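**Q** Take a look at the following structure, please.
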Amino acid sequence: MKENSVKDILNKAEEKHSLDKEEIITLLQSGGDELIRAADGVRKKYAGDGIYIRALIEFSNYCTRTCYYCGLRAENNNVQRYRMSPDEIVNTAYAAIDKGLRTIVLQSGEDCAFVMDELCRIVERIKKKDAAVTLSIGEKTYKEYKSLKSAGADRYLLRIETTNKELYQKYHPKMSFENRLRCLEDLRTLGYEVGTGSLIGLEGQTAEMIAEDILFFKKIDADMIGLGVFIPHPDTPLGCTAAGNFDLALNAVAVTRLLLPDINIPATTAMETLRPNGRLLVLSAGANVVMLNAVENSEQKKDYSIYPDKAGVNEGLEESLAALKNSLAKIGREIIVSKGFRYNNRGE
Ligand code: SAM
């Protein structure tokens, strides 16, 4: 009976790209191989076989926030803090562009030391080359998002983390769920490609909450969805809790692909960290994007320790690219040189 109903739900999802909450919960809990195959088929049809590569520059690990799960939280004194200079950031971006990458992702903790003018100049300098710029620097005002957009930023990543307000408030002290929503709305109004996503596996999170997250992604018509799996960091209040369930996160990726067929979905580093070959499994379950760390200083990469033992920190960009090309060949996929906007998936 259950198998039949999974099949029916998958047929509906493949045809209509729309499911109700109960149907999503069923897929999250018992989707299995059929779910993964269906999502992979939808990915192939709407987003193609190419993999978009993003060059990630984690330019500062200073953070004023105290998110309970994150190793960069302001109250963690065991982390060696660093901040790259504007020239270092721009030169790292240029080196990645020279290696054929066409999207630069600038990510940091919420670091007030970078004033808006300085950030805008960095974006402008990178945009002089042929590349898209994605920012992932947290909550800002409408005016600040507008300045960064005018400087040339194309996309913005801001995970909602969870759409369950109670759970959000529990893990994000002194932060406001409404403000997070306001940020996502402002980014959309300003014409950014908007990326959001959730952290799967926080204690207290249920399959119903994850289903509501996915319905939220659909409602706001997000252009990119990053689903990370929670990995405990020993120097945080959640250091002793269990890691998230890889298979549940994999199912969440697959259901997200079924409901938002043409968006960009990265195979997140957390998934590769939690399970060997995790990245390939996610790329075979609906994902079509990989972010590679473009910073060459391995000490800095280690210090961006949102969780321990992050995959790939000992590799340089060239090495990561070569390894990725090899492993993609195993699943019949290949890197395409493209800025990789959502509309590229629609053949525009
Ligand atoms: N400050 C920016 C923001 O708030 O969007 C970007 C940096 S933040 C460190 C990037 C992402 O790291 C978050 O969206 C969060 O989901 C993820 N993250 C933090 N701690 C994590 C953990 N312990 N396990 C898995 N992912 C984690």
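**Q** Just checking: which of the helices (runs of 4 or more DSSP H) contained wholly in the stretch 9-105 hold 1 or more residues that are more than 30 Å from K170 (Cβ to Cβ) and touching a residue at least 24 places away in the same chain (Cβ under 8 Å)?
**A** 32-47, 86-98
**Q** Something else now. Look at A47 and say whether it is open to solvent by 10 Å² or more (accessible area, probe 1.4 Å), at pLDDT 95 or above and touching a helix residue (DSSP H, G or I) at 6+ places or on another chain (Cβ under 8 Å).
**A** Yes: the conditions hold for A47.
**Q** How many residues are more than 16 Å from the ligand (Cβ to nearest atom), open to solvent by less than 40 Å² (accessible area, probe 1.4 Å) and of a type in the set (G, A, S) when one looks only at the stretch 144-170?
**A** Qualifying residue count, the stretch 144-170: 2.
**Q** While we're here: Restricting the stretch 295-309 to residues that are away from the ligand (no atom under 16 Å from the Cβ) and either in contact with a Gly (Cβ under 6 Å, 6 or more places away or on another chain) or outside any helix (DSSP H, G or I) (or both), which is nearest to I336 (Cα to Cα)? Walk me through it before giving the result.
**A** Quick first cut of the stretch 295-309, residues away from the ligand (no atom under 16 Å from the Cβ) only: 296-299.
Filter again for either in contact with a Gly (Cβ under 6 Å, 6 or more places away or on another chain) or outside any helix (DSSP H, G or I) (or both), leaving 296-297.
Working: E296: 23, N297: 26 Å.
Looking at the filtered set, the residue picked out is E296.
**Q** Do we have any residue at all in the stretch 274-286 that's assigned to a helix (DSSP H, G or I), within 16 Å of the ligand (Cβ to nearest atom) and of a type in the set (D, E, K, R)?
**A** Of all residues in the stretch 274-286, those assigned to a helix (DSSP H, G or I) come to 274, 278-283.
Checking the rest, the ones that are also within 16 Å of the ligand (Cβ to nearest atom) come to 274, 278-279, 282.
Remaining after also requiring of a type in the set (D, E, K, R): 279.
Yes, some residue in the stretch 274-286 is assigned to a helix (DSSP H, G or I), within 16 Å of the ligand (Cβ to nearest atom) and of a type in the set (D, E, K, R).
**Q** Also: Counting just the residues of the stretch 195-233 that are among the acidic types (D, E) and open to solvent by 10 Å² or more (accessible area, probe 1.4 Å), which one comes out nearest to the ligand (Cβ to nearest atom)? Explain how you work it out, then say what you get.
**A** Quick first cut of the stretch 195-233, residues among the acidic types (D, E) only: 203, 208, 212-213, 221, 223.
Within this subset, residues satisfying the condition of being open to solvent by 10 Å² or more (accessible area, probe 1.4 Å) are 203, 208, 212, 221, 223.
On the way: E203: 12, E208: 20, E212: 17, D221: 20, D223: 16 Å.
Step by step, filter the stretch 195-233, then rank; the result is E203.
**Q** Additional query: Could you list, in sequence order, all residues of the stretch 196-214 that are more than 26 Å from T236 (Cα to Cα) and under 16 Å from the mean Cα position of the chain (by Cα)?
**A** Scanning the stretch 196-214 gives a single hit, I214.
The values are calculated or read from the model by the stated rules, or taken from the named source; none is laboratory data. Since this is a predicted model, take the numbers as computed values, not measurements. For neighbour counting, all protein chains shown are included, and Cβ atoms are generated from backbone atoms with ideal geometry for every residue, glycine included. Note: accessible area is taken over every heavy atom of the protein model, side chains too, but ligands, DNA and RNA are not part of it. Shrake-Rupley method; radii C 1.70, N 1.55, O 1.52, S 1.80 Å.
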